[in-house]
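A short write-up of the structure that comes next.
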Amino acid sequence: MQYSFIINPHARSGQAQATWSHLKNYLDTNNIEYHSDFTRYPGHATEIASQFANQSNQDMVIIAVGGDGTVDEVINGLYNREHPKNVNQIPIAIIPAGWQNQFAKALGIQAQPVDAFQQILVASEPTTINIGHYHESIKDEDGYFINTWGLGFDAALLSHRNGLKKGQRKMGPLSFMRNAGSILYNQQPYSLMVQEKQRHSLYANTFISTCFNFLPEGSRQQRYQSLLNPELSLLIIERRNWLITFWTLCLLITGHITKSRWAHFITAKQFHYTTSSLEFVQKDGIELGNRFVDVTMESVPCHIWQSNSASVKSIDKNN
C-alpha cells in the first residue's frame, strides 16, 4: 500500500506539527515508505488532493493529517466535478490533529497518531461510508461536506468568531453565550422553502438550518452507524419568543436538540431548499460567505481505508 500524507501543520494552532513529528518518527523507525505534502494556505489541501485524483493507483491511500477542515479540503480535492470518473476510487484515512475532529470521532478513529495509523495498517479493504454532496445553483458550485452544511445562526457565529483576534477565537462557555446572544439579537429570521421528494414546506421564521451528514447526538456507535446510512438530516429551528429561542439554543449546544419539540428534523437521501434573503453559509467550519441560497443536498458514498476502534480492539485481543 502506498501511503500519501497531506499534512496541515497549522491545524490546532500549529500543534499538528508535533503530531506529524511523532508519527514520522514511528514511520521512519519501522521503515514504512510514504510520501508527504504540507499545506501552506487555506485550500491548499484541495489543490494537492486534486493532483492525486488524476491517478488510478488502487494501492494508494490518501491520509489527511489535520482537523475537520483539512479532511474536508482533501475530500473536495479528490471528489470534484473535474474528476467524476475517479470519485471514490482512491480511499482516504485520517490522523486527527485538529481541535474537535468530529468526523474522525464518528468514524471511531483513535486520537493518538500512532494508534490512528495502526488502524490504517490493519484495514484489509475500504469501508464505504456516506458524505454529503451539494450543488448550489446560483453560483453553480459543487462541493462535499463531512459534518455539516449550515446557514443562519451557526454560520453567522463562525463569521463573527473568525473576525476576532486569534487569542479570542477559542471561546469558553460564558464568552460563547455572550457572542451567541449578540448574534441572536442582531440576526433577522429568514424564510426557508424546503422540498423533500414531492413535499414542499415553508419555514417563515428560521434562524438555524443545518444539514448533518451523521447524527449530531448519540453514542459513538450510533454516529458511526449513521455514517453507513445513505441519508442526511436537516435540522430547522424557527425563532419563537426569547425564552423558547434561548432554551432551544441551549439544547443545541449541550447535544439534546432532538428532544426539543421546537426543532424540526427531516431525514432523506436528498433535499432542495432556498432562501429569499442573504444569509451566512458555512460547511465543516469553513466560511462560504453571505449569499442567497438555492441548494440541492444528497448523500453520496466515500471510501475509508481505516478500521474503527472496535475492530482494532478485537484484533488486539486475538493476538
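Since every read-out is calculated from the coordinates, none of them should be taken as a lab result. Values in this document were obtained by computation on a predicted structure and should not be read as measured data. Quick reminder, even Gly has a Cβ in these numbers, built from the backbone with ideal geometry, and neighbours come from all protein chains shown.
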Cα→Cβ-extended label distance, 7 Å offset, between Trp99 and Val122, nm
3.2
The simple spin-label model distance between Gln270 and Asn241, using points 7 Å out along Cα→Cβ, in nm, is 4.3
Centre separation in Å (Cα based) which lies between the stretch 137-152 and the stretch 1-74
24
Using bins 5 angstrom wide from zero, how does P(r) for the stretch 86-138 break down, in % of all Cα pairs?
4, 16, 24, 22, 17, 10, 5, 3, 1
Could you work out which residue, out of Leu251, Leu164, Leu78, moves most in a Gaussian network model of the chain, that is, has the largest mean-square fluctuation with Cα springs under 10 Å?
Leu164
To the nearest 20 debye, what is the magnitude of the charge dipole of the chain about its Cα centre, counting +1 on the Cβ of each Lys and Arg and -1 on the Cβ of each Asp and Glu?
1160
Treating only the Cβ of Lys, Arg, Asp and Glu as charged (+1, +1, -1, -1), what charge dipole size does the stretch 1-150 show about its Cα centre? Round to the nearest 20 debye.
260
Per the Kirkwood formula on distinct C-alpha pairs, the Rh of the chain is how many angstrom?
20.5
Among Pro189, Ala104, Phe38 the positive-end extreme of the charge dipole of the chain (Cβ point charges)
Pro189
Where Cα atoms sit under 21 Å apart: lysine pairs in the chain separated by 8 or more or lying on different chains
8
When the chain is treated as a GNM, springs tying every alpha-carbon pair under 10 Å, which of Arg261, Arg40, Arg220 comes out with the largest mean-square fluctuation?
Arg261
By how many nm would the segment from Tyr34 to Glu196 lengthen if fully extended, with 0.36 nm per residue of separation less the alpha-carbon distance?
53.8 nm
Could the peptides 276-283, 90-97, 181-188 be put in order, highest first, of the mean number of other beta-carbon atoms found within 10 Å of their residues?
90-97, 276-283, 181-188
For a quick protection proxy, order the peptides 41-47, 24-30, 99-105 by their average other-Cβ count within 10 Å, most packed first.
99-105, 41-47, 24-30
